[in-house]
Amino acid sequence: MKTFSKLAKILGVKGFLCLASITMIALSSITYTATVTIDQTKQFTVGATSASWTIYVNDVNETRFLPGSGSPAGSEEPTLNASDSGTYAFKVVTDADKVCAVKIELTSAANNSRFSKFEITAKYWNGSAWDAETLYNAATGSTTKSYIDGLTSGDAGYVHQGKSETAYYLIKVTYSYNLVDETTQITVTFQYTPVPQDSF
């Protein structure tokens, strides 16, 4: 406090105010700002979110589709209508910057006390019909797999879609229901996870 009083006497009021101004200038800085506008791009669109299948006790190596049509329910491939999400399982649209892998799995394994087989594969629309799609065992890499085992908890497969492409996909299940004489309704839930990335 004594030092402050001595300094004030030496500098005088004007000198003290000048010193305060210089100190404020020394402490201040010139700042700059930049604003970023962020655009979001969605690669994945889910199609059919529900379906009904009819299966039979002692069915062996039968197929059903998600989504499916025909009789028995779900036994035939639908004809794609791009404006009708009920005719495909999911759609992927990629641009020139990113590829996209889609992870396919069941949220819970199918009941292996009732099914002896529940093999999941994918198909894509080639412009006039559904063709078999290659399944991979990971979001990257070239290792393929024949099917996703719906009886094994956590088993999954991936489709890989390159840059600048639009594609529609269908789920195919090959099953055998030949273990028990049981007709209580069953529910299985498919889960899709899109994984955008620079390359495979």
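The values are calculated or read from the model by the stated rules, or taken from the named source; none is laboratory data. Everything numeric in this text was worked out from a predicted model, so none of it was measured. Here the Cβ is made from the backbone with ideal geometry for all residues, glycine too, and neighbour counts use every protein chain on show.
Residue count for the range 113-148 under the criterion of being part of a strand (DSSP E or B) and surrounded by 13 or more Cβ atoms within 10 Å (Cβ to Cβ): the result is 14. The selection criterion, being farther than 25 Å from residue 77 by Cβ and of a type in the set (Asp, Glu), holds for residue 181. Considering only residues in the range 63-94 that are polar (S, T, N, Q) and within 13 Å of residue 171 (Cβ to Cβ), the one that is surrounded by the fewest Cβ atoms within 10 Å (Cβ to Cβ) turns out to be 63.
Being surrounded by 15 or more Cβ atoms within 10 Å (Cβ to Cβ) and either modelled with pLDDT under 95 or of a type outside the set (Asp, Glu) (or both) is a condition met by at least one residue of the range 26-45. Evaluating residue 151 against the criteria (1) exposed (fewer than 15 other Cβ atoms within 10 Å of the Cβ); (2) without any contact (Cβ under 8 Å) to a residue 60 or more places away in the chain; (3) assigned to a loop (DSSP other than H, G, I, E, B) leaves one unmet condition, (1). Within the range 175-200, residues that are touching a residue at least 40 places away in the same chain (Cβ under 8 Å) reach partners that are crowded, with 17+ Cβ neighbours inside 10 Å and small (Gly, Ala, Ser) with beta carbons closer than 6 Å, at six or more positions or on different chains, in the pairs 188/110; 195/101; 195/139. When the strands (runs of 3 or more DSSP E) confined to the range 20-112 are screened for residues that are farther than 20 Å from residue 194 by Cβ, those reaching at least 2 such residues are found at 59-66.
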